[in-house]
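The values are calculated or read from the model by the stated rules, or taken from the named source; none is laboratory data. Quick caveat, the model's predicted, so the values are computed rather than measured. Cβ: placed from backbone, ideal geometry, glycine included. Neighbour counts: every protein chain shown. Areas reflect the complete protein model, heavy atoms only, side chains present, ligands, DNA and RNA absent. Shrake-Rupley method; radii C 1.70, N 1.55, O 1.52, S 1.80 Å.
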Amino acid sequence: MGDSKEAGAESPPTGAAARGGLSLLSQGESEEPSAQGSALFLGGNEVKSRAVVKYSSAPPRTAFARLEEKTDLKLPPANWLRESAKLGPAGTTILGNSKKSKPFSSFGMAYDFIDSVGNDVDVVSDSENIKKLLKIPYSKSHVSMAVHRIGRTLLLDELDIQELFMRSSQTGDWTWLKEFYQRLIDQKWQRKKKSKEHWYQKAILSKFLYYSINGDGAAQPVPSAAEQQGSSSSDQTNDSDGASWPAPFEMPSSVSEDPSASSQGSEPLEPSYIVGHVASAPKEQNLTTLFNDGENSQGLKNDFVRNILWTFEDIHMLVGSNMPIFGGGRYPAVSLRLRDNNKPINVLTGIDYWLDNLICNVPELVMCFHVNGIVQKYEMIKTEEIPNLENSNFSTKVIKDIAQNILSFLKSNCTKEGHTYWLFKASGSDIVKLYDLTTLCEETEDKYQNPFTMPVAILLYKVACNMMMKKNQNKKHYGTIRTLLLNCVKLLDKSRHPQIIASANYMLSELFQLDEPKKEESSESPLNENSDESYSEEEEEMPDSDENGSYSTSSDPSDDNKAVAIIKSVGELSVPEKYKSIHQIRPSCTFPVCHDTEERCRLVLSYVLEGLKSVDSSIKKESDLPAADPNTPIPLKYEDESTRGGPEGLEKQMALFLDKMGSLQKGNYSSQSGMIPGSWQHKMKLQLILKSSKAYYVLSDAARALRYIKLALQSHDTYCCLCTNMLSEVLLFLSQYLTLCGDIQLMLAQNANNRAAHLEEFNYQTKEDQEILHSLHRESSCQGFAWATDLSTDLESQLSVSCKCYEAANEILQFSDLKSQNPEHYVQVLKRMGNVRNEIGVFYMNQAAALQSERVVSKSVSTAEQQLWKKSFSCFEKGIHNFESIDDATNAALLLCNTGRLMRICAQAHCGAGDEFKREFSPEEGLYYNKAVDYYLKALRSLGTRDIHPAVWDSVNWELSTTYFTMATLQQDYAPLSRKAQEQIEKEVSEAMMKSLKYCDVDSASARQPLCQYRAATIHHRLASMYHSCLRNQVGDEHLRKQHRVLADLHYSKAVKLFQLLKDAPCELLRVQLERVAFAEFQMTSQNSNVGKLKTLSGALDIMVRTKHAFQLIRKELVEEFDQPKSDESTPAADSSPSLNREEVIKLLSIFESRLSFLLLQSIKLLSSTKKKTSSNTEEDVVLKTNKQIYSQLLRATANKNATLLERIDVLIHLLDQLARGGGVSSNAFSIGF
């Protein structure tokens, strides 16, 4: 715009240069002596007034020329009506030759100072209108003003009824208002012509001011009568033209459809609310083109010489003034007035002078008195002395009360933004009425007859734009912005102004932050605070007033029922605080509280749809478009996977997609509707489509619904078709969409049971979704991402699609170096890719296991199984690489663990080959088990220490222990004697078992601890049995035999200790104890002396006594089973421990009875023979006696074949108690393993 800020100067309003190119005044050249304004103290009553010049087009002030006495002002000076360097380009405007307000003067100021409108300023108006309002109680003159509300700001403009109705008579416009006026207010309305005196006073004032700046005081010859008549008629013409009324505004099609209206370049991602001429820099030529109003377009200009921010008490006003101000010498600023000496100054004139000086912050007034145009004298009066002048006394306090009351009245009743209110007081009347012209106009055939409609809509739009641009503070204004935009859209005709409506709807959609955290939806949100910018939804009650009545909205017969409000007497305006709600205006500006994400997204989509409709309606080339019925759903092309070629077909579609993404980098434009790249329709539709894709993305993220992410990707596909230069941010969005699509496909694959419900939900469409899709289909087929969003019925295909989505998302991140710019998203994509590859690997692994279980045992491994192994292994390997590339040691360890499990399945598959009876542990089994061990060890190395992830560490250790244990067990049970020696096999089994023990943590308290204890006890039992077997079969090498005997005894002892810790392994404990007894019996066979045999026997009996714990556990379980209600017999208790194997218990019990009977008999024989040979031993006698009694009872019990299992166990527990108490075990016996 050309204007640059000078140091200390007020910032220029936009469009300042367009009004004549005048530079701003520096602080030293300011129109005011002090930019801070002043507080005036008048007659003991303090009135606070502060004026700051926001803009001035006046040149530096010069001293006024004092005219000589007897100067004849009827004669024109030489410089009359001519431009001068002292005047600047503003020329005659500075001298105030026309005090008539322009119809849209407040809008011109509002456009230039958009920051102040709606928020900081209460009133925007011409100073003449302000003065007229404040003089209402003192004046009998009529008042007619148009009032508009924008936020908390009121715009006041003169509504010249006479001029308006003159136009109505000529054009037929405004006939509805003319009829209304004649019916309710003035039935015999006639145009009142201005008197000759009016034009005479106007002429001599103009000549006086030109004399005052001329400085020479020389009178010029009087021009001819013809010239005077010409100049007079010129004045009159200018005056009437300045206030002429425009026709109702229309948007020309050339503006709304001109593709050159928008600047060229790549599509911005920032919300480009400024579309075409509408919200660009408000140069007058743009606005006038927009309004298409020809010669009357100057009504929208800011024609004032200076714009002043005037604070009067607590009222903030943006005022336009053309008052001439002179200065120089000892008078830095004075106003110059011409008065007829024969007419005294009245109150109205005094108020007029005083307010002018206050508004412009001028400290003194210079009055020049004349008689019949002949200068008489000059008089200087200070501004604070004006209220005390003779014949014009008035109270400044009363003026303040009038100002506050009028503002309160207007703010309390002019509550609807976008409506035009009419404040009217008839000449000579004391009643002031307020009408809502918009409501009255809507009752006519064409509601767009109101000429204020377009300027108000544009101002609403511009204020909203301005607030949106202030990103650091706009959240608290969201309620206000939304109300401004909704009212703007409500005012405009969709067919005439599609560009503004589309832009406004886009801004409305931008108000709702789709990615905001959920905490902002709570009651703590600043959007819901009842601040000045966020109002209550409830209607504000009428301001408090005296009982005698103030303005009224009742339907009293004496009142005008068409009026919104009435002030019954102008005298009430002088009563202090008559209307108290001066700052309590509460229009309905609350921002809607969206209780959930879906509600917020649906609101956004509703605005996007309205914007798309506006754009589409403005594109006329529709002959080649497919005929689309908005009420007919678009088929979603649901296909069975068999028709698409499965994962192989998916690979081809992925390749085509990536090829398309690469071509987008170069820029390929392919619109079906014929939109011109760079046109406002093109740019706006791009923004709207991108917004819809974001909204559907957020919806799908919240609802995890495939249909939403399908719509998001269809929107994005259309965006790709329209885009001429794909930005990296948009590519990032696409990567995020595909990532979420992969998540949803994976979720659906994991919930295959609800497939029918998912299919029904997938095919559902709202009417809004259908209409948005129809708009998208105007530009593209929307099938670019069909491979990713179709709902498959096959689990493998769903998993494959999910994986391909992640792979595509990862490929997109390789474009434009997005990987390094968005490391967090890149990590998430790779993590998800690794996860889905793990899922697919597990899927193939389970399929292989299922095939293996169905295969006949003797049959060899099938090709199908091997193919599944390869697929599974490939997926695990790629997944491990994904996790390792992002240093995710834990997940890499889990996949290594799964690979180990796959190797074990491979090993198990090779164990079935051959005859079960001739089966040996094969080399293939050993190979795969060793591979499994390698993968488990890699998993442990990946984790490093248990602290990284204790649960995973424990799991890997358990799997490793299981692998070693399985391998050792198979070698022990199916010893490969055809390939290896017995000693080598025993060594390998022992090593494997010990490694299994190493990775089996029995000490750490965890859910797996009982399993670990059972595993360790089983390992010790197996090792003890192996060494026991070796000892039986071994001949020779006494040292080795002794070693085996010690190892067998050690492992039996450890097995017993661990089994005793477990409550659900009594049979295993009993079996181990019986093996220990058999081990003792085997040792006894090699002993020769009776003393040695007796000791061994006593030790064996001691082992028998210690089996009592096992029998007690068995008895407890039998009693619990017996006590269960019969009704529950059909359903075994799910929470109980594994049920007791009765057959095994009976078998073990029979063995135990026979071994106990054998040991007791041998003990009796040895003790009896010892007694015969030696002298009597009291202790041995007691043992012998006890053993005989127990042996006798045992024989009787075993002879009873009718005894139940529980009874037999009870007898054994009783006998073991006797054996322990009665000395059945002699004192010289040794305890094996204890």
| For segment 979-1035, what value does the Rg/Rh ratio take when both radii are computed over Cα atoms and Rh is the Kirkwood radius, given to two decimals? | 1.10
| query | On average, how much area does the Cα convex hull of segment 822-980 cover when viewed from any direction, in nm²? | reply | 9.9 nm²
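What translational diffusion coefficient, to the nearest whole µm²/s, does segment 1005-1047 have by Stokes-Einstein, given a Kirkwood radius computed over alpha-carbon pairs, a temperature of 37 °C and 0.692 mPa s viscosity?
Values: Rh = 11.8 Å.
Reported coefficient: 279 µm²/s.
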| task | Return the FRET efficiency for the residue pair ASN341, GLN513: r is the Cβ-Cβ distance, R0 is 51 Å, and the value is rounded to the nearest 0.05. | result | 0.15
| field | Reference-scaled alpha-carbon Rg (2.2 N^0.38 Å with N residues) for segment 460-511 | value | 1.08
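Could you work out what % of the accessible surface of segment 460-511 is carbon and sulfur, using a 1.4 angstrom probe and leaving DNA, RNA and ligands out of the count? Display every interim value, and only then the final one.
Numbers: 740 of 1500 Å².
C and S atoms contribute 50 percent here.
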| said: Just to check I understand the Karplus step: with θ = phi - 60° and J = 6.51 cos²θ - 1.76 cosθ + 1.60, what whole-Hz values come out for segment 365-378, glycine and proline as x? | reply: 10, 10, 10, 9, 9, 9, 10, 6, x, 9, 5, 10, 7, 10
| remark: Rounded to whole Å², per residue accessible area for segment 780-857 with a 1.4 Å probe reads 37 Å²
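Assuming R0 = 30 Å, can you tell me the calculated FRET efficiency for the pair THR62 and GLU385, based on Cβ-Cβ distance, to the nearest 0.05?
Details: r = 25 Å, r/R0 = 0.84.
Rounded to the nearest 0.05, the efficiency is 0.75.
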| task | Could you pull the Cα extents of segment 318-445 along its three principal axes, largest to smallest, in whole Å? | result | 59, 31, 30
| At R0 = 25 Å, FRET efficiency that the Cβ-Cβ distance of LEU927 and ASN1033 yields, to 0.05 | 0.25
| How much space per residue, in cubic angstrom, does the convex hull of the C-alpha atoms of segment 1029-1104 take up? | 86 Å³
| Can you pull the accessible area of LYS987 for me, 1.4 Å probe, Å² to the nearest 10? | 130 Å²
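How large is the accessible surface per residue of segment 460-511, computed with a 1.4 Å probe and reported in Å² as a whole number?
Numbers: 1500 Å² over 52 residues.
Here the per-residue accessible area is 29 Å².
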| task | Express in Å², to the nearest 10, the accessible area of ARG1076 obtained by rolling a 1.4 Å probe over the protein heavy atoms while all chains stay in place. | result | 0 Å²
| field | Rounded D (µm²/s) - segment 346-397, Kirkwood Rh over Cα pairs, Stokes-Einstein at 4 °C, 1.567 mPa s | value | 111 µm²/s
| said: For segment 887-982, take the convex hull of the Cα atoms, compute a quarter of its surface area, and give me that in nm², please. | reply: 6.4 nm²
| note | Under 5 Å from the placed amide H of THR415, counting only residues 5+ away or on other chains, we find none
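Test of the criteria: in segment 733-778, which chymotrypsin sites (Phe, Trp or Tyr not before Pro) are in a DSSP loop and have at most 15 other Cβ atoms within 10 angstrom of their Cβ? Write out the running numbers ahead of the final one.
Numbers: sites: PHE733, TYR737, PHE762, TYR764; in loops: TYR764.
Filter output for segment 733-778: TYR764.
Stretched out fully, how many nm does the piece from ARG919 to LYS1201 gain, at 0.36 nm a residue minus the Cα gap? List each step's numbers first, then the result.
Working: separation 282, 0.36 × 282 = 101.52 nm, distance 4.09 nm.
Result for the pair: 97.4 nm of gain on full extension.
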| field | For q = 0.11, 0.21 Å⁻¹, Debye-computed log10 I/I(0) when each Cα of segment 966-1094 counts as one equal scatterer | value | -0.44, -1.26
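Which entries in the list LYS397/LYS470; LYS377/LYS425; LYS1057/LYS1095; LYS132/LYS202 go over 29 Å, if you measure between the two C-alpha atoms of each? Display every interim value, and only then the final one.
On the way: LYS397/LYS470 39 Å; LYS377/LYS425 38 Å; LYS1057/LYS1095 23 Å; LYS132/LYS202 19 Å.
Among LYS397/LYS470; LYS377/LYS425; LYS1057/LYS1095; LYS132/LYS202, the Cα-Cα distance tops 29 Å for LYS397/LYS470; LYS377/LYS425.
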| Spin-label point model (7 Å from Cα, Cβ direction): what's the LYS1116 to GLN182 distance in nm? | 10.9 nm
| query | Hey, what do the phi angles of segment 388-395 turn into as Karplus ³J(HN,Hα) couplings, whole Hz, using 6.51/-1.76/1.60 and θ = phi - 60°, x for Gly and Pro? | reply | 9, 5, 4, 6, 9, 5, 8, 8
